[in-house]
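Engineer: For reference, the structure I am asking about is given below.
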Amino acid sequence: MATELDLGSLGFDRGAHLLVKRALAASGQVHVRGTHPELLPHLRAWARSQGHALDGHTVTRGRADRWTGATRAGTAAPDGVVAHPEASWGFAARGALVEAGTAPQPFALHARDEVWTDDAARLYAQAAAAQWDPASIPWEDPGLDPEVEAAVVQVFTYLIENETAALLVPARFLGQLHPHFREVAQVLAIQVADEARHIEVFTRRAALRSPLLGSSTASGQASLGTLLAEPDFALAGFLLAVLGEGSFLSLLRFLAEHGDPLTRTITRLAAQDEARHVAFGLSHLQAHLRADPALRARLVAAVEGRHDALRDTAGLNADVFDSLVVLAAGSFAPGALARGWDAVARLVAEMDHGRRVRLETLGFGDDEAARLSALHTRNFM
C-alpha cells in the first residue's frame, strides 16, 4: 500500500524530491499530493531520471535505479587502499559510491605497490604542522663585505635553480597519480608547496642588495634536466630524493653552519622541509623494493644512465664551488680561505657518506653503495 505524502506548496524546484526520496526509501511506494502548479511534470521528470515508475501521482521505487551496478571505491580508512583502483573511480573520494557508467580517467600511476608507503599520512601530517611563513623571517641586511655577499648571491642563485627542478619533478607526477592514493598525493602536493616557498626565500636572499643574480651553467641545466626527463616515478624519486635532495640537505646544513644570520635562518628552515622529502623518498622506495625486488637493478641502471648522459658535462659550476669556499671563509684572508676550502672538502665527503648510508638503507652493499655514490652527478643535485 502506498504511503501518503503531502508536499503542500513545496515544489521540486525547492527540494520536494528530498521528501519523496525519503518516503520511497521507507516504503517503496508513495502517493504524492501537493499544490505546486508544476508538481506533476516535475514529479514525472524526477521519477524517470531516477528509474522509478509513475502511475498518476503514485511513485513506485524502480528495481533498477542509477546506483545499480555502482562500486565502492575502497574505504576511506588507510587500510581501504586497494592494489589496483579502477580507472572508473576517477576523482571520487576513497570510500565513495561510484555510479556505474562513469567515464574512466587515465591515471598512469594506478598500482599500489608502485606509489604507496604506509608512512605517507604521517609525513603529510608532519609537513602540514611544520609549514612556516617567509614573512616571519627577519629580513635584515647582514652587512657582509661586498665580495662575500657576491659569493652568497651566487650560491643562492644555484639553490634557486635546483629547487625549481625539485618542484617540477613531483608536480609532474602529481597529475599522473590515481586519486585513490590520496595520502601520497598530499605528500607530493606539500612538497611542491615547500619548494615554491624555498624558491621565494632563496630569491629574496639573493636579491637583498641587488636584483642581479649569479651565473647558471649549461652543465648545471643539463644535470637538472635529466631529473625532469625521467618518466618512471620510482626512478625519478630515487634520483631526486635519495641522491639529489639528500646531498642538497647536506649543503643546506653547511650553509646554516657557515652563513650569516639571515642565511642560517633561511637554510635551517628549508633543511627541515628537505629532510621530510628525503624521508618520503626512502620510505616509498623501501616499500616498492619489498614488493618488487627487481626494482633494485633498475635503480642501478638509472644512476649509471644519468652518469653516462652527463659524462661530457663540466659538473658543478666552478663559481658555485669557489663561492662556497668564500662563504665559509667569511673573508679573503689566506688563512680564512684555507679554512673555507677545508670546510667545502668536508661537505663533499659528507655528501658522499650520506648517499652511501641511504643506499645501504635500500639494501645495497657497502661496495655497491660506494660505487653508485661516486657516479652521482658532480652538480650535487
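Only the coordinates and a few stated rules stand behind these numbers; no lab work does. Not measured: the values here are computed from a predicted model. Virtual Cβ from ideal backbone geometry, glycine too; neighbours counted across all protein chains shown.
Engineer: Normalising by the residue count of region 67-106, find the relative contact order in percent from Cα pairs under 8 Å and 6+ residues apart.
Structural biologist: 49
Engineer: Using alpha-carbon pairs under 8 Å, 6+ residues apart, how would you state the relative contact order of the chain in percent?
Structural biologist: On the way: 534 pairs, mean separation 55.6, N = 381.
Relative contact order comes out at 15 percent.
Engineer: Just name one of Val187, Ala151, Ala76: the one whose Cα is farthest towards the positive end of the charge dipole of the chain (beta-carbon charges, Lys/Arg +1, Asp/Glu -1).
Structural biologist: Sorting the options by dipole projection puts first Ala76.
Engineer: Which of the trypsin sites (Lys or Arg not before Pro) found in region 143-238 are in a DSSP loop and have at most 16 neighbouring Cβ atoms, other than their own, within 10 Å?
Structural biologist: Arg209
Engineer: Give me the net charge of His180's neighbourhood, meaning all other residues with Cβ under 14 Å from the Cβ of His180; Lys, Arg count +1, Asp, Glu -1.
Structural biologist: -1
Engineer: With n ≥ 4 as the cut-off for DSSP H runs, can you work out [θ] at 222 nm for the chain, using -39500 (n - 2.57) per run divided by the number of residues, rounded to the nearest 500?
Structural biologist: Values: 14 runs with 218 residues, N = 381.
Using -39500 (n - 2.57) per qualifying helix, the result is -19000 deg cm²/dmol.
Engineer: Then there is this: Which one of Gly34, Gly101, Gly259 has the biggest mean-square fluctuation once the chain is modelled by GNM with Cα springs under 10 Å?
Structural biologist: Result for the chain, Cα springs under 10 Å: Gly34 fluctuates most.
Engineer: Would you please name the trypsin sites (Lys or Arg not before Pro) within region 227-329 that are DSSP coil residues with at most 10 other C-beta atoms within 10 Å of their C-beta?
Structural biologist: Here the sparse-neighbourhood loop sites are Arg311.
Engineer: Relative contact order of region 1-122, please, whole-number percent, based on alpha carbon pairs below 8 angstrom and at least 6 residues apart.
Structural biologist: This gives 18 percent for region 1-122.
Engineer: Got a sec? Charge dipole of the chain, +1 on Cβ for Lys and Arg, -1 for Asp and Glu; which of Phe380, Ala343, Ala171 is way out at the positive end?
Structural biologist: Projecting each Cα onto the dipole axis, the largest value belongs to Ala171.
Engineer: Let me ask something else. Would you look at the GNM of the chain, springs on alpha carbons closer than 10 Å, and say which of Asp55, Asp292, Asp119 moves the most?
Structural biologist: Answer for the Gaussian network model of the chain: Asp55.
Engineer: In whole Å, what are the Cα extents of the chain along the three principal axes, biggest one first?
Structural biologist: Extents along the principal axes, in whole Å: 100, 49, 31.
Engineer: Dipole magnitude of the chain about its Cα centre, charges +1 at Lys/Arg Cβ and -1 at Asp/Glu Cβ only, in debye to the nearest 20?
Structural biologist: Charge dipole of the chain: 1480 debye, to the nearest 20.
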